[in-house]
Structure formats: structure tokens, C-alpha cells
Amino acid sequence: MHDFRSGLQRRWPALLPYLCRMEQLLQQIESYRKEMEDYQATDQAAVENFRIKYLGTKGIVKTIMGEMRNVPADKKKELGLIVNDFKLFAENKYESLKATSNEQPTSINHPDLSLPGDLLTPGSRHPVTLMKNRIVSIFRRLGFAVAEGPEIEDDWHNFGALNLPEHHPARDMQDTFYVQQNPDWVLRTHTSNVQIREMEKGKLPIRLVMPGRVYRNETISARSHCFFHQVEGLYIDENVSFADLKQTLYFFVKEMYGKDVKVRFRPSYFPFTEPSAEMDVSCFICGGVGCNICKKTGWVEILGCGMVHPNVLENCNIDPNKYTGFAFGMGVERPAMLKYGINDIRLFSENDVRFLKQFTGAI
Ligand SMILES: [Zn+2]
């Protein structure tokens, strides 16, 4: 094209105005050709857009051909070849776009179902949640409903009402965190605060389990943490006896650890129950022979329990001469560690995906 233009200029200096117009035309042709080369059509609509833009009745090819009118007669042939070539190029490009888009015309409306899908990475339940659900589901079958309550609690609901008056030495066992703005607020040390709140409602009988997070001011180590989880239970009605407590917990351990598990109660002390006991089950790792888990004793301690202290009932306006009840409480982390072979309690709260994803599919 350079040759064409310089040749024209040399031989026909009088045609300079036309020359300018022709130069412009040739530049336009060149730029449209480049534009067409780069044109991509992924669907029929884009192919049709191409046709309208370049080959339509008011399209670019027609417009360029219209410009032939202004070309000197003896140059019409030379330029005509270029314009014709341009038209052919546009038509060929249109045909090839049509063919390519016809090859995959249905890709949008009819996706290829054999292609691999987008990968989803579903999360899994936390091992503490798995164990908590397991414990709760066993008591649900015995007719226990679930109750929950606040983790920031006043002194009365966490200590006072539970027969732990101020300066009572048993409070030392449950040192916790206090809220600076209000010395009466504590992070609850057990879910027993929910027991008090439920008893205060005055609706009897009560048959509830209370799962939740609790806090203790303890040094963090592989075996203890400043927060952990509990499931507590409470049953209050007329004529509830220690025999009911034993039978309920007996059912629980059979469901939890298998029908061959043995149970023993050891006398203990809690301010809020009387009598109180710790319950052990025969070691489900070694079958009672003795191993590292049970410290060679053959027994594993799993929960504390007892008959609700009359003072606690009175604190909640329940007549201890008419009603009796039992309560129990167990940690969730320890049985989860035993079940899943976890040797460090800190793993539960470190949010390490490598740890958590091991429980995908666990029940
Ligand atoms: Zn053992």
C-alpha cells in the first residue's frame, strides 16, 4: 500500500486532495482489517453483531465501497482490488466465526455434564461439638430437654445461689475471670447458672441438660485450658431419689461407652449437692486391665453428680420438703480427647485446619 500511495504521489501531484482522502481510506481499511482479525465470538449473538457491523446494509464494507465514488476513474481499478479484498476478508471472517460458534452453540444452554464440577471444600463439625451432640442426644432419649444461658453471669447465679457464699473456700476451686466495669459479673465457671435460672422460673418438674462453654482462671497446658465445655443435667420432681440418679447415669454410660462398661461411684464434695459423688467407668481403652489413659487404675473419671442441696432449692423458691432432684455435670473435651485420641486440649481452640479437617465425616 505504501507503494501504491507513493506511486500515486509521484505520478499525479495534481491529485493531492484525492490522495489525502485515499490515504485516509487505506488507513481505515487497514485498521478495520486488524479489528476483524482480533474479533472473537463466543456465541451466536456476537457473530450476528459482526455481520451487522461489517457486512450489514449500513455496515463498514458498504461504506468503504461507497467511498469508491470519490476515487479518480483511472485509480478505481487499483483501489477496487484492495476494497474487494477487504470485502472478501470480512466475508471469510464472518463464515469462520459462524463455523466456530456452531461447533459449541449449546455450551451455555446445555452445559457438558461430564465436565468436572467446581470443587467445594465443606467444613466439618468441631470434635467438641460432635461429643456434645452425642452426650445431649443420649439424654434427649430419656426425655431431657436442652436449656442454655449466659456466659457472663452475676455472682448470685454462678456462686451464691449454688450454696457458694462469698468467702466460701470452695470458690477457690473455681477461680474465674471478672469484668472490670462491674465486680459482680463473672465469666461462668460451670453451666449450673442455667440450672438456677431454670429453677427460678418455678415451672416444675424440670428435666434438662445444659451444654455450654465455661471458664476457669487456670494455667493453659496440654491438659487444662482457661475455657472448656460442659454438659450438666438437672432433674427435679417429687420423690426423685439417688436411685433415679444412678439409673439415669447408668443408661448414659451404656449408650456412650458400650453395654459391658462397669460403673463405680466415689463419695465426693460439691457445695451444691448432698450427697455428692464422682462417677468412674471401667477404662474403655484397656477394658479395666490398666493403661496410661487410666493411670493403671482401670477406671476413668467421667462426671460429678449428687442430689441437689436443699439450700439450692430454697434459693430458687422450691420447697425442699416437697421436691427433690439430682444434678450431674461432665466435661466435653476429655471424653472427646479419649474418643478421638487427641493428646493436647489446646488443639481444640487453635483453629488449625489440618487438625479440624481430620473430623470430616466423624460422628
Ligand atoms: Zn485403661
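Averaging sequence separations of C-alpha pairs under 8 Å and six or more residues apart, then dividing by the length of the stretch 226-288, give the relative contact order as a whole percent.
Normalised by residue count, the contact order of the stretch 226-288 is 21 percent.
Leaving out same-chain residues fewer than 8 places away, which lysines sit with a Cα under 29 Å from that of K262?
K132, K246, K254, K295, K296, K339
Give me the percent relative contact order of the chain, please, defined on Cα pairs under 8 angstrom at least 6 residues apart.
Once normalised by length, the contact order is 14 percent.
Would you mind ranking H190, H168 by Cβ crowding within 10 Å, fewest neighbours first?
H168, H190
Rank-order 31-39, 323-331 by packing density, defined as the average count of other C-beta atoms within 10 Å over each peptide's residues, highest first. Provide the component values of the computation, followed by the final result.
Values: 31-39: 12.9, 323-331: 22.3.
Result, highest mean first: 323-331, 31-39.
Rounded, prolate or oblate: which fits the stretch 209-318 when a ≥ b ≥ c are the square roots of the eigenvalues of the alpha-carbon gyration tensor, with rounded for a/c under 1.5 and prolate only if a/b beats b/c?
oblate
Using a Cα-Cα cut-off of under 23 Å, which lysines could be cross-linked to K98, ignoring same-chain neighbours fewer than 8 residues away?
Cross-link targets: K34, K53, K58, K62, K87.
Efficiency by 1/(1 + (r/R0)^6): what FRET value for Q44 and E23, r their Cβ-Cβ distance, R0 = 30 Å, to the nearest 0.05?
The value I calculate is 0.20.
Along the Cα→Cβ direction, 7 angstrom out, place labels at R264 and E30. What is the inter-label distance in nm?
Going by the 7 Å Cα→Cβ label model, 10.0 nm.
If the cut-off is 19 Å between C-alpha atoms, which lysines fall inside it for K201, apart from same-chain ones fewer than 8 positions away?
Filter leaves K322.
Highest mean first, what order results for 238-247, 266-275 on Cβ atoms within 10 Å?
So the order, starting with the most tightly packed, is 266-275, 238-247.
Could you derive backbone 3J(HN,Hα) for the stretch 223-230 from the dihedral phi with the Karplus parameters 6.51, -1.76 and 1.60 (θ = phi - 60°), listing whole Hz in sequence and x where the residue is Gly or Pro?
Residue by residue, the stretch 223-230 yields 10, 9, 9, 7, 9, 7, 10, 10 Hz.
List T100, T360 from most exposed to least, where exposure is judged by having the fewest other Cβ atoms within 10 Å. Mind dumping the intermediate values first?
Values: T100 14, T360 11.
If I rank by nearby Cβ atoms, fewest first, I get T360, T100.
Among Y340, Y54, Y257, which comes first, second and so on when ranked by fewest other beta-carbon atoms within 10 Å?
On the way: Y340 14, Y54 24, Y257 20.
With the fewest neighbours first, Y340, Y54, Y257 line up as Y340, Y257, Y54.
With a ≥ b ≥ c taken as the square roots of the eigenvalues of the C-alpha gyration tensor of the stretch 127-359, please select rounded if a/c is under 1.5 and otherwise prolate if a/b is larger than b/c or oblate if it is not?
Oblate, because a/c is 1.5 or more while a/b does not exceed b/c.
Per DSSP H run of at least 4 residues, take -39500 (n - 2.57); add these up for the chain, divide by its residues and hand me the 222 nm value, nearest 500 deg cm²/dmol.
-12000 deg cm²/dmol
Would you kindly derive the ³J(HN,Hα) couplings of the stretch 216-221 from the backbone phi angles with the Karplus curve 6.51 cos²θ - 1.76 cosθ + 1.60 (θ = phi - 60°), listing them in order in whole Hz, with x for Gly and Pro?
Whole-Hz 3J(HN,Hα) from phi for the stretch 216-221: 9, 7, 10, 5, 7, 8.
No lab work stands behind these numbers, since they all come straight from the coordinates. These figures come from a predicted structure and were not determined experimentally. Here the Cβ is made from the backbone with ideal geometry for all residues, glycine too, and neighbour counts use every protein chain on show.
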